[in-house]
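To keep things clear, I will list the structure first and then write my remarks on it.
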Amino acid sequence: MSTLTETQPKRMRSRGQAGDRVFAGLARGAGILILVVLAAVFVFLLVKGLPGFNASAATIGQGFTSFWDVGWPLLFGTILIAVLALIISVPFSIAIALFIAFYAPRRLAVPIGYIIDLLAAVPSIVFGLWGGQQLANSLRPVYSWLGTHASWFPLFKGPYAGTGRVGVTAVLVLAVMVLPITTAISREVFAQTPKLTQEAAIGLGATRWEVVKLSVFPHAKSGVIAGVMLGLGRALGETMAVVMVYSSSPRVTFNVISNSSPQTIASYIANNFAEANPDKRSMLIAAGLILFAVTFVVNFAARAAILRGERRMSR
């Protein structure tokens, strides 16, 4: 009898150890697989895109003489459109996250949280249809007013295109698409703020806003920054929504209400890839390599911000 009672725990331990080894192997294999896929994408872009950096003027077309005559304006347009989208979406994202986490009653906070999460699952082509067909037409009077009365500001220098399908419409569509990402991450970070810290601030007589400002924001700062950076990565790489809202050509300009609005790398590739010959396709892949590098740096910076915040909070 005693022998049976001694062998049962040993069998359970051996089974548990075998399960741990299997799980660890699967997790390690999944991580390695992701790295292999990422490396394969990079190698493909590098091999296929390197000849594109030396593309001839005839291959590039549109009056450009070298790849970088196109590359720099496209990179400028990509960053400009994405940053403007963040400037619009981030304040709303943080405000919505604070409302859900601290101000809204639970019966209201839960459905709002579900709606925000579902908004992130809407396909980008749906946002493109809405932006190009409805939003652009609805905002034409606003753009016309900006082109007439705010032309002193570089973004609204004009002349207004008249169609509504301009760069600022793409900015607004991207802002809506980025909003659920930043909101969801900010909400989770706010919810992880230590309750004892908040209760201590309330016990000292702090108002709800003072609790948020003095207790929540310092704890959640790195997480919010990471959410913003991930949203920026989404905005940088968005294709279909931008393509369906407006079209332009590579140029360095801050003007986003005229036909000369800057173009993004993703939309440039999408507009030209189908009819491209092999040389042109190589040049487009080179542009994709630049976009890959930019988004990788952005996501790497977001991860670094998260790790820095975790180290600071663990001290």
Residues within the stretch 139-166 that are under 17 Å from VAL242 (Cα atoms) and touching a Gly at 6+ places or on another chain (Cβ under 8 Å), tallied: 2
Looking across the stretch 78-92 at residues that are of a type outside the set (A, V, I, L, M, F, W, C) and in contact with a helix residue (DSSP H, G or I) (Cβ under 8 Å, 6 or more places away or on another chain), the single one that is farthest from ILE265 (Cα to Cα) is SER89
Which residue out of ARG208, ARG234 is over 21 Å from SER260 (Cβ atoms), surrounded by fewer than 19 Cβ atoms within 10 Å (Cβ to Cβ) and touching a residue at least 40 places away in the same chain (Cβ under 8 Å)? ARG208
Restricting the search to the stretch 217-251, which residues are farther than 30 Å from GLN198 by Cα and out of contact with any Leu (no Cβ under 9 Å at 6 or more places or on another chain)? GLY233, THR239, MET240, VAL243, TYR246, SER247, SER248, SER249, ARG251
Cβ contacts < 7 Å: first residue in a helix (DSSP H, G or I), restricted to the stretch 106-124; second residue among the aliphatic types (A, V, I, L, M) and modelled with pLDDT under 85, any location; separation 6+ or different chain. Result? ILE112/ALA104; SER124/MET240; SER124/ALA241
Of these, SER258, SER248, which one is more than 21 Å from the chain's Cα centre (by Cα) and under 18 Å from GLY128 (Cβ atoms)? SER248
Of the residues TYR160, TYR143, which single one is in contact (Cβ under 8 Å) with a residue 24 or more places away in the chain, surrounded by 13 or more Cβ atoms within 10 Å (Cβ to Cβ) and in a loop (DSSP other than H, G, I, E, B)? TYR160
Out of LEU135, LEU172, LEU86, report the one residue that is within 26 Å of ILE306 (Cα to Cα), part of a helix (DSSP H, G or I), modelled with pLDDT of 85 or more and not acidic (Asp, Glu). LEU86
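The values are calculated or read from the model by the stated rules, or taken from the named source; none is laboratory data. Note that the structure is predicted; figures quoted are calculated from it, not measured. So basically every Cβ, Gly included, is an ideal-geometry build from the backbone, and we count neighbours across all protein chains shown.
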